[in-house]
Amino acid sequence: MTYPRVASLKTAAAFRAHLDRSGIPLAFDDELAPAGRSPLAQPIEVDDVRVGNRFCILPMEGWDGTRDGEPSDLTRRRWKHFGISGAKLMWGGEAVAVRHDGRANPHQLMMSARTERSIAALREDLVAAHRDRFGANADADLYIGLQLTHSGRYARPDVHDRPAPIAACANPILDRRFPGGVRVFDDAELDALVEDFVAAARRAREAGFSFVDVKACHGYLGHELLGARTRGGPYGGPLENRTRFMRRVIEAIRASVSGLEIAVRLSVFDTIPYRKRAADHVGVPEAQVSTLNSQLSPGFGVVAADEELDAALDEARGVLRMLERLGVKWICVTAGSPYYNPHVQRPAMFPPLDGYEPPEDPLRGVWRQIQATAILKRAFPHMVLVGSAYSYLQEWLPHVAQRNVREGLCDFVGLGRIVLSYPDLPVDVLRGAPLRRGSFCRTFSDCTTGPRLGLVSGCFPLDRFYSARPEAITVRDARTEARSASLAGER
Ligand SMILES: Cc1cc2nc3c(=O)[nH]c(=O)nc-3n(C[C@H](O)[C@H](O)[C@H](O)COP(=O)(O)O)c2cc1C
Ligand code: SF4
């Protein structure tokens, strides 16, 4: 099954006709507001925090830190690009492990006594780039956090292709994907891990970050624990127990690190893991399950059909209620995992190396995350909600973004892959400048394939700096080979 490329839907009428034909209820503004009058240019004030506009840069790792967990020149380049983007909310920069066994790859940043200063300098590089471009006081309404994580099931701290999973609970489908076996965190280890999050949060504050994101998304530990229904003891079973780790981390940071805001990036819904169908390489769910019988297996907010999305969000509502009680207001909404349902997490036309051909029009995946964010925003009007998964919209991204913020469906529009290919998209939109068609991310997924091959991540096809690197050829060859195999399957 192929879907029309977004770039071919050149007018609002053509884009709308395609959405109508496909039954995707995604709304957008036909015209972009002139400079200064865009809803996206409105500042937001929350307690004593002022953020200058409604664009947010989502966290994105580059698999390019040193073995010790310090940033490299490539990391610094990416963060400077975040700084020049014009967006005023920096959601975490990238996932930073709180300790070595929690690294998702041997080149992930890690917060430690050794790395604290270089991570502080990384933040300063971003601020300096922002000031250089937008003026000496431009950072007064720039809000910068650091994402803290333990990679859990997806830890690979020592060798890129040697998983060293420490999961939240057994998972009959996912465990099969780890032939070397899966160890499960015991209760005492989780108790101790809370202290590692606190230590990393303290260092983040010392490094100048205004908030930390206690990451709970994408299949990593904080997320998998939320779905640990089949686990016994204090961290498993009922939602009250499954949220215990998150609660303890937040309370412990509050108790011992002052002057630091806490935020949470949450995969608010999920699906059964997908796999590639042998015949045509299209993604299919690995088991049939309905939202109701998913109550008996691991998973958080598992949805089987779009009609059940609202019901599947019950669990996310439970977590947000708890966070609201704890005084956490800043939430970044995302979904699924790049490892077992990439079409849900980052809708794309072309799959990454370990992915599959899209089982649906990627625009449906974009809509699903927008819809989930809108449902939650309506239920939690006093929380600040950032939406994700807009990159696939390409030329229509600003139109959908403007409408969503104007209608209050989200407070911020989060930008992921598009910032790798077109870092100054936000400033171009805010200034009403012509948009550079050649810079739009076309979702080739090379930035995900690179790391799957143990290479650095970057926009190999569109960012000339990366196109010129030797990794670009390896990544392109891997994509071409995978594509030919899929096409052969289709024939
Ligand atoms: C190369 C790459 C690295 C990513 N790293 C992270 C990460 O460190 N933390 C995180 O929460 N999400 C990460 N993501 C997910 C993005 O933040 C975002 O949710 C996703 O790409 C969908 O948004 P988009 O459509 O704008 O790309 C990453 C995505 C990509 C493509
Ligand atoms: S490699 Fe570039 S074009 Fe491809 S998905 Fe990543 S950012 Fe987009």
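The values are calculated or read from the model by the stated rules, or taken from the named source; none is laboratory data. Being a predicted model, the structure only gives us computed values, none of them experimental. Cβ coordinates were reconstructed from backbone atoms using ideal geometry, including for glycine residues, and neighbour counts include every protein chain displayed. Each accessible area value is taken on the protein alone, full model and side chains, heavy atoms only, with ligands, DNA and RNA left out. Shrake-Rupley method; radii C 1.70, N 1.55, O 1.52, S 1.80 Å.
What does the highest-first list of 5-17, 109-121, 203-215 look like by mean Cβ count within 10 Å? Kindly include the intermediate steps, with their values, before the conclusion.
Details: 5-17: 13.7, 109-121: 19.2, 203-215: 22.9.
Order by mean packing, descending: 203-215, 109-121, 5-17.
Each of L455, S8, G387 was scored by the projection of its Cα onto the charge dipole of the chain, and the greatest displacement toward the positive side belongs to S8; charges sit on the C-beta of Lys, Arg, Asp and Glu. Projecting each Cα onto the charge dipole of segment 336-407 (Lys/Arg +1, Asp/Glu -1 at the beta carbon, about the Cα centre), which of Y340, G355, W367 comes out farthest on the positive side? Positive-most Cα among the choices belongs to W367. Can you list the lysines whose alpha carbon is less than 22 Å from that of K215, not counting same-chain residues fewer than 8 positions off? Counting by Cα, and skipping residues close in sequence, K215 has these lysines nearby: K88, K329, K377. Among 52-61, 458-467, sorting by the average number of other beta carbon atoms lying within 10 angstrom of each residue, highest first, gives 52-61, 458-467. Overall, the anisotropy analysis places segment 148-294 in the prolate class: the square-rooted eigenvalues a ≥ b ≥ c of its C-alpha gyration tensor yield a/c not less than 1.5, with a/b exceeding b/c.
Go ahead and estimate [θ] at 222 nm for the chain from helices alone: -39,500 (n - 2.57) per DSSP H run with n ≥ 4, summed, over the residue count, rounded to 500. Please report the intermediate quantities before stating the final value.
Values: 18 runs with 180 residues, N = 491.
Only helices count here, giving -11000 deg cm²/dmol.
Seen from A128, the other residues with C-beta closer than 12 Å to its C-beta sum to a net charge of +1, counting Lys and Arg as +1 and Asp and Glu as -1.
By DSSP, what percent of the beta bridges with both residues in the chain are antiparallel, rounded to the nearest 5? In the chain, approximately 15 percent of DSSP beta bridges are antiparallel ones.
How big is the Rg/Rh ratio for segment 283-410, C-alpha atoms only, Rh by Kirkwood, two decimals? Mind showing how you got there, number by number?
Details: Rg = 15.1 Å, Rh = 15.6 Å.
Rounded to two decimals, Rg/Rh equals 0.97.
Rounded to whole Å, the principal axis extents of the Cα atoms in segment 220-318 read 55, 25, 24, largest first. The local environment of A164, defined by Cβ-Cβ distances under 13 Å, has a net charge of +3 under the rule Lys, Arg +1 and Asp, Glu -1.
Rounded if a/c is under 1.5, else prolate if a/b beats b/c, else oblate: with a ≥ b ≥ c from the C-alpha gyration tensor eigenvalues square-rooted, which is segment 392-491? Let's see the in-between values first.
Working: a/c = 2.49, a/b = 1.79, b/c = 1.39.
Because a/c hits 1.5 or more and a/b exceeds b/c, segment 392-491 counts as prolate.
Using all pairs of distinct alpha-carbon atoms, the Kirkwood hydrodynamic radius of the chain works out to 22.5 angstrom.
Count Lys and Arg as plus one, Asp and Glu as minus one, and take only other residues whose Cβ is under 11 Å from that of R177; the net charge is then 0.
Quick check of the Kirkwood formula: for segment 24-121, what is the inverse mean of 1/r over all pairs of different Cα atoms, in Å? Display every interim value, and only then the final one.
On the way: mean 1/r = 0.0635 Å⁻¹.
For segment 24-121, the Kirkwood estimate is 15.7 Å.
Label segment 1-76 by shape, choosing from rounded, prolate and oblate, from the square roots a ≥ b ≥ c of the eigenvalues of the Cα gyration tensor; if a/c is under 1.5 it is rounded, and otherwise prolate applies when a/b is larger than b/c, oblate when it is not. Oblate, because a/c is 1.5 or more while a/b does not exceed b/c. Rolled with a 1.4 Å probe across the full set of protein chains, the surface gives Y3 an accessible area near 40 Å².
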